[in-house]
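Every read-out reported here was derived from the displayed coordinates using simple, explicitly stated rules and does not represent laboratory data. These figures come from a predicted structure and were not determined experimentally. Positions of Cβ are backbone-derived with ideal geometry, glycine not excepted, and every protein chain shown enters the neighbour counts.
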Amino acid sequence: MSPRSERAEREPVFNLPAVIIASLAVLAIVHAVRVYVLDEAQASWLIATFAFFPIRLTGAAIPGFYWPGGVAGDVWTFFSYAFLHGDWMHYSVNALWLAAFGTPLARRFGPWRFLVFSLGGAAAGAAAHLLLYPSGQAPLIGASAAISAQMAASARFAFSAGGRLGGGIPRPDADFRPALSILEMARDRRIVAFLGVWFVFNLVFGLIFTPPGVTNSTIAWEAHLGGFVFGLLCFPWFDPVGSRRR
């Protein structure tokens, strides 16, 4: 038996990887500091500095106002917005999805590959939002785009034979099954139905829910879709296991 299979057998299903626990803790600490420690002016500065504003990159200069962080901030906000949440409900929903979809991916990728991949999903989500709303003035916040990338990536192997959603009893190495190609996924009705439900949920959730706690903030389904496309297409670049062998 390979070391990878032995490791999979030793890992309980609900034993969260350390990188997932650390991610949940960091997101919770950031939100707690914003809500309970910072005053209103400081919290506003935090949002202006780390949330993603499309108008920051495309809008006309505002006399007497300068975006915190300057050009460097123009870059880091593609990633940093994912660490901010509107309220505890917003955080809790993302924490649940992070634990569910991030766990199998973190086991497969390892911590550093997982973190880089997640940041890439966040950046893709911000880019999609910028593309559709180039003059948007509302701050984009939340880890949903990164988690959407994780979900799309997990779907590449979770539905494989022996995977957690592959039908039957999952194999001990369920999180290390060979990945399906996009064509194979498109031919599988289970996967199409699963992704369809996800898409509708995100569309409805993004349209009707505005996170309280951050003035005029938005949870954009377009950002979710951007993260999802990144996760689906860029998964092979990060995957250490590889695709189905024929």
What is the set of long-range amide H partners of A179 at a cut-off below 5 Å, with H atoms built 1.01 Å from backbone N? G242, S243, R244
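Taking the Cβ-Cβ separation of Y66 and S135 as r and a Förster radius of 25 Å, what is the calculated FRET efficiency to the nearest 0.05?
Computed FRET efficiency for Y66 and S135 comes out at 0.85.
So for Y66, Y133, Y81, fewest C-beta neighbours within 10 Å to most, what's the order?
On the way: Y66 9, Y133 18, Y81 26.
Lowest count first: Y66, Y133, Y81.
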Size of electric dipole in the range 3-238: Cβ of Lys, Arg +1 and of Asp, Glu -1, about Cα centre, debye, nearest 20: 700 debye
Length gained, L115-W76, 0.36 nm per residue minus C-alpha separation, equals 12.5 nm
For the range 3-238, just say rounded, prolate or oblate: build the C-alpha gyration tensor, square-root its eigenvalues into a ≥ b ≥ c, call rounded for a/c under 1.5, and beyond that prolate if a/b exceeds b/c, oblate if not. prolate
If R0 = 30 Å, then A18 and V197, at their Cβ-Cβ distance, give a FRET efficiency to the nearest 0.05 of 0.50
Are there trypsin sites (Lys or Arg not before Pro) in the range 95-186 that DSSP puts in a loop and that have at most 10 other Cβ atoms within 10 Å, and which ones? none
Starting from the Cα-Cα distance between V35 and V241, subtract it from 0.36 nm times their residue separation and give me the gain in nm to one decimal. 70.0 nm
Would you mind getting me the FRET efficiency between R187 and A25? Use the beta-carbon distance for r and R0 = 41 Å, nearest 0.05. 0.55
With an 8 Å Cα cut-off and a minimum separation of 6 or more residues, compute the relative contact order for the range 3-238 in percent. 25 percent
